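Below is one structure, written out as structure tokens; the observations come after it.
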Amino acid sequence: MDSWSSTDCRTARRPRGGPMNALLGPVKKVLGRVVTQWLAPIFPVLVVAVFAGLLAALLAEPTGLVEYVPSISLPLVGWVLEPTTVVFIVVALLGLFVGGCFLLVRRHREEIETYWNTYSAWAQAVIVGCLVATLLAGSLLVATLFDRVPAYTVVLGFLVTWPLSAGLVLLFDRRSNGDQSSALSSVKTGYVHTRGLESRTLSLIVGFLGAMVGGLSLWSVWTWYAGTASVTITAVLTALLGIAITLVVYNRYETTTVERTDITIVAVRTPEARPIRELTIKNESSTSVDLAQSRIRDTSFELYRLGVAVTLRPGAVCTFEIPDSFTLEPNDDSIDLPLGYSLKRGGETPTLFTRSGDIFALELADDAIDGALSKPEATPEPNSSGAELVPQE
């Protein structure tokens, strides 16, 4: 009985600080969640950013950087920040921003890659080009506020950076990878594929850069000769020069681009219980065709990496898998443009692009769909069968 009474008393005893613990419990949980999910991952970034700011502030005066940094007066409180303090704050905030972006990309990398790959290579190039050009123009604008650079460098920097960044993105997307090619060969392959796939965009980029070089040259010569130059006349002549260069380069690309019909689609099979199709092509020319680093585009202009590293000899065939989304039916969708040009959004046949610059229009044989070859021919390489297309855009 005594034991029961003692137990009962212990059960009925009120905990210490009961109301206070009930109030602080949820707060502690929220603070713990914030520290675990947000402060703990960003703490190393904060330490590195502060260290980078301190290092930059220490090196600003010995290196002479402090001469290019002005003092800043805070509007409301009236405090004056010395140049070394400005360097510390700017570098620390920049490091915190870059580190935060890195953590964000690292944590949501798969989601970001999935969303980014929904855009075409052309759209990716435009977005990256505009973003890089905007960042540079913003930096130059801040510099102009402190009279460090002329005002026209803001517009000039944007106009020059955008086509360069867009062109680099296209070359990077079209470059070869996965084989043992050199960096120069990879860039060359990217240029060849870009010229065949994005001739309009590449012509626009070349015309833009040519106009910038021509406009700056005209401005410099005019200023040197007459002491001053007309901004309106220079801008008009630069625009006309850009249009002319773009049209000349584009027409040259079009006249030198010839679609060959030496490779045909001889069979399209649908295996049972598999959500893919098998496409068989045949080389009907008298010369071999290197399929390494090649890309193939369907009639809806969706691009795929061929994924084979073989040489298709005369009369030989190559079989690879294509997804259900790969379209073979003719597509004549297009948009009319000024000056008699049109923007095609589809093709009559699938198109094969090789790294040597050859373009093949893959015409279908009459009995190709779900058909079989009357005399099966072996491919020249053992790994040329069963390859799978890799989507590119």
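Please treat every number below as a calculation from the coordinates, not as lab data. What you see is a predicted model; the values in this text were computed from it and never measured. Here the Cβ is made from the backbone with ideal geometry for all residues, glycine too, and neighbour counts use every protein chain on show.
Just to check I understand the Karplus step: with θ = phi - 60° and J = 6.51 cos²θ - 1.76 cosθ + 1.60, what whole-Hz values come out for the stretch 277-290, glycine and proline as x?
With the stated coefficients, the stretch 277-290 comes to 10, 10, 10, 10, 10, 9, 8, 9, 8, 9, 10, 7, 10, 7 Hz.
Taking amide H atoms as placed 1.01 Å from N in the peptide plane, list the residues 5 or more away in sequence, or in a different chain, whose amide H sits under 5 Å from that of residue 267.
Here the answer is 280, since their amide H atoms fall under 5 Å of that of residue 267.
Quick one: length gained pulling residue 54 to residue 356 fully straight, 0.36 nm per residue minus the C-alpha distance? Mind dumping the intermediate values first?
Details: separation 302, 0.36 × 302 = 108.72 nm, distance 5.23 nm.
Gain on stretching residue 54 to residue 356: 103.5 nm.
Grab the Cα-Cα distance for residue 247 and residue 336, subtract it from 0.36 nm times how many residues apart they are, and report the gain in nm with one decimal.
Working: separation 89, 0.36 × 89 = 32.04 nm, distance 1.63 nm.
Here the answer is 30.4 nm.
If a paramagnetic tag sat 7 Å from the Cα of residue 218 along the Cα-Cβ line, which residues of the stretch 234-252 would have the backbone N under 12 Å from that point?
Only 234-245 fall inside the zone, counting backbone N under 12 Å.
Tell me the label-point distance for the pair residue 98, residue 143, using the 7 Å Cα-to-Cβ offset, in nm and rounded to one decimal.
So the label points at residue 98 and residue 143 sit 1.7 nm apart.
If I stretch the segment between residue 231 and residue 272 completely, what's the gain in nm (0.36 nm per residue apart, minus their alpha carbon distance), one decimal? Don't skip to the end; give the middle numbers.
Numbers: separation 41, 0.36 × 41 = 14.76 nm, distance 6.87 nm.
Difference between extended and current length: 7.9 nm.
Check residue 72: other-chain or 5+ apart residues with amide H under 5 Å from its amide H, H built from backbone geometry?
81
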